[in-house]
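Engineer: This structure is in structure tokens; I'll ask about it shortly.
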Amino acid sequence: MNDIAIRKRALRGDRLMGTFLNTGSAILAEVAGRSGLDWCQLDMEHGSGSWEMLANQLMALEGTGAAPIVRLPGLDPASFKRALDLGAHGVMIPNVNTADEARKAVSFSRYPPHGVRGVASMNRSAHYGAKFLERLETGFENTFVVVQIESPAAVENVDEIAAVDGVDALFVGPLDLSVSMGMARQFTNPDFIAATQAVVDAANRHNKASGILAFSPSEIAATYARGFNLVAVGSDGGMVANGMAELVAENRKAT
């Protein structure tokens, strides 16, 4: 694992490559972690895994080069506690539309006096008590808080969201944003491009990171060129499905 927390790397502007893990598989999490990726998003919003499977994925990523970021089901303080107690290095919160929602996300991710996260010592994050005081005192410095911009309302409020202290990154959900804008998957539509550029610009004004999901490796260079520095490409499930489909297609050509 990189000695510098993913939060600090993102805020200093490092280009950080990741992927979404939506199958719940600890084996695929370990494969992803050992591939050279900087981070993996463990998907508890749309993914197939349970909380027990999440714990196994987090253990599989331990000691690899990829920081685990858990996408939560929503703005529920219990989910923040559970993911962070299990050892997530950060959280991604879907569909954040206002600065008030962003402030709640920050508060739920931090122990008092910096927030309202419930305190417990005997959990995986605190090494079952061995690092409790360290986590209590410095956890807010290393916990990465990523809010997703997925609607026209969020784009309209993006500058206020980016200004919230403790929000570290704005991450565009391209499918949700395009659908909510009435232009499903029209990722080259000028209005969609303008909306996503507004996210990058707001992040830059407030010295925050910005990210987006790309759908193929061929999009990586162009995504960085647009100013995003937190880029995810595809998902474990998608990569397996695409690989299987390609295998079958090649077989059919040969028979």
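Engineer: Mind telling me which of GLY173, GLY129, GLY90 comes out most flexible in a GNM of the chain, alpha-carbon contacts under 10 Å?
Structural biologist: Sorting by GNM fluctuation, first place goes to GLY129.
Engineer: Name the most mobile residue of ILE149, ILE193, ILE69, meaning the one with the largest mean-square fluctuation, in a Gaussian network model of the chain with Cα contacts below 10 Å.
Structural biologist: Per the Cα network of the chain with a 10 Å cutoff, ILE193 tops the list.
Engineer: By how many nm would the segment from ASN242 to ALA222 lengthen if fully extended, with 0.36 nm per residue of separation less the alpha-carbon distance?
Structural biologist: 5.0 nm
Engineer: If you build the Cα gyration tensor of segment 1-86 and take the root of 5 times each eigenvalue, what three semi-axes come out, in whole angstrom, biggest first?
Structural biologist: Computed over segment 1-86, the values are 20, 16, 11 Å.
Engineer: Just to be sure I understand: with springs between alpha-carbon atoms less than 10 Å apart, which residue in ALA195, ALA221, ALA55 has the highest mean-square fluctuation in the Gaussian network model of the chain?
Structural biologist: It is ALA221.
Engineer: Oh, and also: Taking 0.36 nm per intervening residue step and subtracting the Cα-Cα distance, what contour gain separates GLU62 from ASP100 on full extension?
Structural biologist: Net length gain for the segment: 10.3 nm.
Engineer: Consider a paramagnetic label point 7 Å from the Cα of ASP191 along Cα→Cβ; state which residues of segment 152-170 have an amide N under 16 Å from it.
Structural biologist: 152-156
Engineer: Still on this model: Shape verdict for segment 138-192, please, from the Cα gyration tensor: rounded (a/c under 1.5), prolate (a/b greater than b/c) or oblate.
Structural biologist: Details: a/c = 3.66, a/b = 2.32, b/c = 1.57.
Judged from the Cα gyration tensor, segment 138-192 comes out prolate (a/c at least 1.5, a/b above b/c).
Engineer: Separate question: Run the numbers on segment 1-109 and let me know its relative contact order in percent, using alpha-carbon pairs under 8 Å that are six or more apart. Don't skip to the end; give the middle numbers.
Structural biologist: Numbers: 186 pairs, mean separation 26.3, N = 109.
Contact order relative to length: 24 percent.
Engineer: First check a/c for segment 1-145, with a ≥ b ≥ c the square roots of the eigenvalues of its C-alpha gyration tensor; if it is under 1.5, answer rounded, and if not, answer prolate when a/b is larger than b/c or oblate otherwise.
Structural biologist: It is rounded, given that a/c, with a ≥ b ≥ c, falls under 1.5.
Engineer: Given a 1.4 angstrom probe, I'd like the percentage of the accessible area of the chain that is carbon and sulfur, rounded to a whole number.
Structural biologist: With neighbouring chains kept in place, the figure for the chain is 54 percent.
Engineer: Search the structure for amide H atoms under 5 Å from the amide H of ILE149, placed 1.01 Å from N in the peptide plane, and list their residues when 5 or more places away or on another chain.
Structural biologist: Long-range HN contacts for ILE149: PHE171, VAL172, GLY173.
Engineer: Counting only DSSP beta bridges with both residues in segment 1-122, tell me the antiparallel percent, nearest 5.
Structural biologist: 0
Engineer: How would SER48, SER180 rank on accessible area, largest to smallest, probe 1.4 Å?
Structural biologist: In descending accessible area the options line up as SER48, SER180.
Engineer: Quick one: compute the contact order of the chain, relative version, from alpha carbon pairs under 8 angstrom and 6+ residues apart, as a percent.
Structural biologist: Once divided by the residue count of the chain, the mean separation gives 19 percent.
Engineer: Once the principal axes of the Cα atoms of segment 147-255 are found, what is the range along each, listed largest first in whole angstroms?
Structural biologist: 58, 27, 22 Å, listed from the longest principal axis down.
Engineer: Kindly sort MET53, MET44, MET122 by accessible area of their heavy atoms, largest first, with the probe set to 1.4 Å.
Structural biologist: So the residues, ranked largest to smallest area, are MET122, MET53, MET44.
Engineer: Okay, next question. Can you give the Rg to Rh ratio for the chain, taking only C-alpha atoms and Rh from Kirkwood?
Structural biologist: Across the chain, the Cα-based Rg/Rh ratio is 0.98.
Engineer: Determine the per residue accessible area of the chain with all protein chains present and a 1.4 angstrom probe, expressed in square angstrom. Mind showing how you got there, number by number?
Structural biologist: Values: 11670 Å² over 255 residues.
Using a 1.4 Å probe on heavy atoms only, each residue of the chain averages 46 Å².
Engineer: With each run of n ≥ 4 DSSP H residues scored as -39500 (n - 2.57), what mean residue ellipticity at 222 nm is computed for the chain after dividing by its residue count and rounding to the nearest 500 deg cm²/dmol?
Structural biologist: -12500 deg cm²/dmol
Engineer: At 0.36 nm per residue, minus the direct Cα-Cα distance, what do SER35 and ASN204 gain on full extension? Give it in nm, one decimal, please.
Structural biologist: Value of the extension gain: 57.9 nm.
Engineer: At q = 0.18, 0.23 Å⁻¹, work out log10 I(q)/I(0) for segment 192-255 with the Debye formula, treating every Cα as an identical point scatterer and leaving solvent out; two decimals please.
Structural biologist: Debye output, listed in q order: -0.71, -0.93.
Engineer: Where nothing but the Cβ of Lys and Arg (+1) and of Asp and Glu (-1) is charged, how large is the charge dipole of segment 122-161 around its Cα centre, in debye to the nearest 20? Kindly include the intermediate steps, with their values, before the conclusion.
Structural biologist: Working: 3 positive and 7 negative charges, 94 e Å.
That gives segment 122-161 a dipole magnitude of about 460 debye.
Engineer: Can you grab the distance from the C-alpha centre of segment 76-100 to the C-alpha centre of segment 1-59, Å, no decimals?
Structural biologist: Using only Cα atoms to place each centre, the spacing works out to 15 Å.
The values are calculated or read from the model by the stated rules, or taken from the named source; none is laboratory data. Treat the numbers as computed from the prediction; the structure is a model and nothing was measured. Because the Cβ atoms are built from the backbone with ideal geometry, glycine has one as well, and the counts that use them run over all protein chains shown. Note: accessible area is taken over every heavy atom of the protein model, side chains too, but ligands, DNA and RNA are not part of it. Shrake-Rupley method; radii C 1.70, N 1.55, O 1.52, S 1.80 Å.
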